[in-house]
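In what follows, a structure is listed as structure tokens, so that the remarks can point back to it.
Please treat every number below as a calculation from the coordinates, not as lab data. Note that the coordinates shown come from a computational prediction; the quantities given were computed from them, not determined experimentally. Heads up, the Cβs are rebuilt from the backbone with ideal geometry, glycines too, and the neighbour counts pull from every protein chain shown.
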Amino acid sequence: MAIDDIIARMRAAERAADRPAGSVKLIAVSKVQPPARVEAVLDQGYRIFGENYVQEAQGKWPLWRDRFDGVELHMIGPLQSNKAKPAIELFDAIHTLDRPSLAQKLARQIQSSGKAPQLFVQINTGSEAQKAGVLPAEADAFIADCRAMDLPLAGLMCIPPESEDPAPHFDLLRQIAQRNGLSGLSMGMSADFETAIAHGATHIRVGSAIFGQRSYT
Ligand SMILES: *Cc1c(COP(=O)(O)O)cnc(C)c1O
């Protein structure tokens, strides 16, 4: 299956970068995919998935979690503050912490629920006007603010500009993480995950290369 090919390429990229086998986590991004494609991957034994929309994930994953043990779910899409509560209930990790109001909301919900998903701060490495994420120049202060709220930070996440070489963006993310003592790097998608692994990714988010093209119609 396609996921076996991706795992093989991931292992090869780890080897090529002199990194231990298994040091990178593959998040299979199942947003808007036909259920049969996702179930085929679950049937095969894979358990780590990513979704972009709280409501869509709420409609699919509680049932799959009843049928398949050990599912680990990652939120990788923009998160509205009013969805912080269901997001914390559903997801094991949130990769899109990108603004103070969301940090405050998450901190409150984590305190009251006792659940603490791993959190990644999304950095807008290309400083693109239309893209979510904390600007690189504001990253250190934002990370410090999150820590002051006792948020469980696991690392940083980025989505490089579409038309640029992603490598400098991956390096920038790694630099910001290193100087802030964060080990997690969520970076790399279908088109560039091997480059991301060469530049230190710990989590790659791969959708279409596993499940096929998404159809939004
Ligand atoms: C959809 C999505 C992915 C997966 O993209 P592919 O190109 O299909 O691998 C990864 N990360 C984020 C944030 C996404 O929204």
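Would you tally the residues in region 105-142 being over 26 Å from Trp61 (Cα atoms) and either in a helix (DSSP H, G or I) or more than 16 Å from the ligand (Cβ to nearest atom) (or both)?
Going through region 105-142 one residue at a time, the tally reaches 10.
Restricting to region 180-217, give me the number of residues that are more than 15 Å from the ligand (Cβ to nearest atom) and touching an Asp or Glu at 6+ places or on another chain (Cβ under 7 Å).
Residues that pass the stated criteria total 2.
Any chance you could count how many residues in region 31-54 are within 16 Å of the ligand (Cβ to nearest atom) and free of Cβ contacts under 8 Å to residues at least 24 places away in the same chain?
Of the residues in that region, 1 qualify.
Can you pull out every residue in region 55-68 that is outside any loop (DSSP other than H, G, I, E, B), away from the ligand (no atom under 15 Å from the Cβ) and either surrounded by 13 or more Cβ atoms within 10 Å (Cβ to Cβ) or of a type in the set (Phe, Trp, Tyr) (or both)?
Passing the criteria: Gln58, Lys60, Trp61, Trp64, Arg65.
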